Every structure is written in structure tokens, then in C-alpha cells.
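The values are calculated or read from the model by the stated rules, or taken from the named source; none is laboratory data. These figures come from a predicted structure and were not determined experimentally. Here the Cβ positions follow ideal geometry from the backbone for every residue, glycine too, while neighbour counts run over all protein chains shown.
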Amino acid sequence: MNTQATILITGATSGIGESLLHKYAEEGYRVIACGRNTQKLQQLADEYHDVVPLAFDITDIEEINQSVMQVSGIEKIDILMLNAGDCRYIDNAKKFDGALFSQVIATNLQSLGHLLEGFLPKVPAGGQVVFVSSSATLLPFPRAEAYGASKAGVDYLAKSLALDLKAEAIDVTLVHPGFIKTPLTDKNDFSMPFMLSSEQAALRIFDGVRARKSYLHFPKRLTLLMKMLALFPDVVWQSIALRSNKK
């Protein structure tokens with residue numbers, strides 16, 4: 001009887017997702033690696049015998065459905081790791097970019113509904129669903145209307161789903177990373193204190209998921225400070241955020 005555990009990771013070709021793939025593969029898991037970069041997926045599959053490449057765009061419902069069919073032979077997914085996402089900014093609030101806003105919401109939030117519809121039925125009792133959100137939901141940041149709103153939606157989705165999946169004996173973990181060095185954060189032009197590597201982030205997530213924690217946040221030097229600031233009147237954080245946002 002094959003007792004090997006299976007994890008599905010979205011956004012597995014770069015950043016935190018790729019580091020998670022390496023960690024879980026090295027720990028003996030079968031990893032269903034999801035992403036759009038077919039060449040990178042094949043490289044990862046060549047590197048690890050137990051990596052199953054699954055190429056699709058998370059914003060394309062038809063591609064998601066086709067991918068679900070491709071893994072129909074896999075009976076169960078012990079951990080469903082919903083990690084893929086995008087970060088884009090509203091640079092001119094007065095000339096609000098509705099198209100950009102919609103695209104970020106579609107990528108970071110709306111896609112999760114289709115992914116859950118396709119893959120959650122394969123998560124058995126005793127399994128886990130992990131949502132990689134962002135510590136940006138702890139406080140409002142300039143230019144982050146689209147990204148922050150999408151991740152706030154992820155937070156509510158995770159917390160609500162955790163209640164409904166109790167009856168199925170499926171645990172939900174919500175992850176709030178701080179600044180992690182990835183291709184996404186490489187584009188940022190502002191200070192990013194207490195930055196961690198994607199490998200450090202992946203290790204924290206791996207340990208927290210293994211301990212079946214419902215909530216992970218790191219680095220705590222940053223997230224605890226943000227939580228403390230969130231307790232103050234809005235005007236306090238607004239003053240700090242606006243001052244730090246000046247060029």
C-alpha cells in the first residue's frame with residue numbers, strides 16, 4: 001500500500017512556491033507542481049522523481065478544469081497549497097485603474113474559487129488546505145488597493161472555509177508572510193524591513209503546516225509590530241505610511 005503523502009502547490013515555479021516544492025520533495029512527498037512556465041516545470045520534474053508537472057493558468061477556468069482531469073488518477077491530495085499570486089500597484093489613485101484592479105482580484109482571489117472547486121474534493125479527512133496570503137492585510141498601504149483588497153479576501157475565505165471544513169476533518173492554515181525576496185518583491189522601489197529569503201519562508205510554512213497550525217505569520221519582528229500599530233487610531237498609521245511613502 002502506497003502511504004506517500006501528496007501535496008499540490010500553485011505558483012511552484014518561482015519564489016516561495018518553488019522553495020516549498022524543493023522542501024516537500026526532499027521530505028519525500030509527491031509534489032504536484034502547478035505553474036505557467038512549462039519549461040521550468042519540466043526541469044523540476046527532471047530533478048525530482050516524485051514531482052508531477054501541471055501547467056495551467058490559474059485565471060483560465062478551462063485550463064483549470066483540464067488540469068483537474070489530468071490528475072484524475074491521483075486519488076487524494078493531502079495538502080492543497082494555494083500559493084500563486086500577483087502584486088501590482090495603483091500608481092495614481094485619482095485615475096484609478098479599474099482593469100488592473102480586476103486583474104489582481106481575478107488572479108489572487110477569484111481563481112481560488114475555481115481551484116477549490118476542482119481540487120478540494122480530492123482532499124481527504126485529515127488533509128489540509130493552506131492559503132498563502134500577506135501581512136499587507138494587517139495595515140493599509142499606499143498604492144496597495146488592488147493587492148491588499150485581494151489578500152483581505154483571501155483571509156476571509158480561509159477563515160470562513162476553516163469553519164465549514166471542520167465537519168470534514170480538514171484543517172485550514174492561513175499564512176501571512178512579510179517581505180520575502182522573490183521576483184515579485186524585486187520590483188518594489190521602497191524599503192522592505194526584515195526581509196527573508198524564499199527558503200526561510202518555505203521552512204517556516206513547512207514547519208507550521210506540519211504542526212497543523214491554523215495561522216502563521218513571519219518574520220514576527222515585522223508582523224507583531226504591524227499588529228501593534230493596527231491597534232492605534234487610524235490617524236497614527238496614516239501619518240507613518242504617508243511619510244514613508246514620500247520619495
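Scanning for something within 25 Å of Leu21 (Cα to Cα) and of a type in the set (A, V, I, L, M, F, W, C), does segment 220-232 turn up at least one residue? The answer is no, given that none of the residues of segment 220-232 is within 25 Å of Leu21 (Cα to Cα) and of a type in the set (A, V, I, L, M, F, W, C). Restricting segment 62-114 to residues that are loosely packed, with under 13 Cβ neighbours inside 10 Å and of a type in the set (S, T, N, Q) leaves a set whose member that is modelled with the lowest pLDDT is Ser72. A single member of Thr173, Thr223 is surrounded by 17 or more Cβ atoms within 10 Å (Cβ to Cβ), part of a helix (DSSP H, G or I) and touching a strand residue (DSSP E or B) at 6+ places or on another chain (Cβ under 8 Å), and it is Thr223.
Condition check for Ala167 on (1) touching a strand residue (DSSP E or B) at 6+ places or on another chain (Cβ under 7 Å); (2) free of Cβ contacts under 8 Å to residues at least 40 places away in the same chain; (3) among the hydrophobic types (A, V, I, L, M, F, W, C): one failure, at (1).
In this structure, is Gln4 in a helix (DSSP H, G or I) and either at pLDDT below 95 or out of contact with any helix residue (DSSP H, G or I) (no Cβ under 6 Å at 6 or more places or on another chain) (or both)? Answer is no for this residue.
Among the strands (runs of 3 or more DSSP E) confined to segment 19-99, the ones with at least 1 residues that are small (Gly, Ala, Ser) and under 22 Å from the mean Cα position of the chain (by Cα) are located at 30-35, 51-55. All of Phe119, Phe131 fail the test of being buried (at least 18 other Cβ atoms within 10 Å of the Cβ), modelled with pLDDT of 95 or more and not in a helix (DSSP H, G or I), apart from Phe131. If you go through segment 150-170 and pick out every residue that is surrounded by fewer than 19 Cβ atoms within 10 Å (Cβ to Cβ) and part of a helix (DSSP H, G or I), you end up with 13.
As a summary of the residue check, Ala12 satisfies the conditions (1) surrounded by 24 or more Cβ atoms within 10 Å (Cβ to Cβ); (2) in a strand (DSSP E or B) except for the one numbered (2). Against the criterion of being of a type in the set (A, V, I, L, M), within 20 Å of the chain's Cα centre (by Cα) and loosely packed, with under 15 Cβ neighbours inside 10 Å, Leu184 does not qualify.
Here's the yes/no breakdown for (1) in a loop (DSSP other than H, G, I, E, B); (2) touching a Gly at 6+ places or on another chain (Cβ under 9 Å); (3) surrounded by 17 or more Cβ atoms within 10 Å (Cβ to Cβ); (4) modelled with pLDDT of 95 or more:
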residue	(1), (2), (3), (4)
Phe194	yes, yes, no, no
Glu199	no, no, no, yes
Leu203	no, no, no, yes
Asp207	no, no, no, yes
Arg212	yes, no, no, yes
Trp237	no, no, yes, no
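On inspection, Tyr29 qualifies as within 24 Å of Asp171 (Cβ to Cβ) and aromatic (Phe, Trp, Tyr). Counting the residues of segment 17-39 that are touching an Asp or Glu at 6+ places or on another chain (Cβ under 9 Å) and surrounded by 16 or more Cβ atoms within 10 Å (Cβ to Cβ) gives 10.
Write out, first by first residue and then by second, each pair whose Cβ atoms fall under 7 Å of each other, whose residues are 6+ apart or on separate chains, and whose first residue, in segment 178-196, is of a type in the set (Ser, Thr, Tyr) while the second is at pLDDT below 85. Short answer, once both residue conditions are applied: Thr185/Met192.
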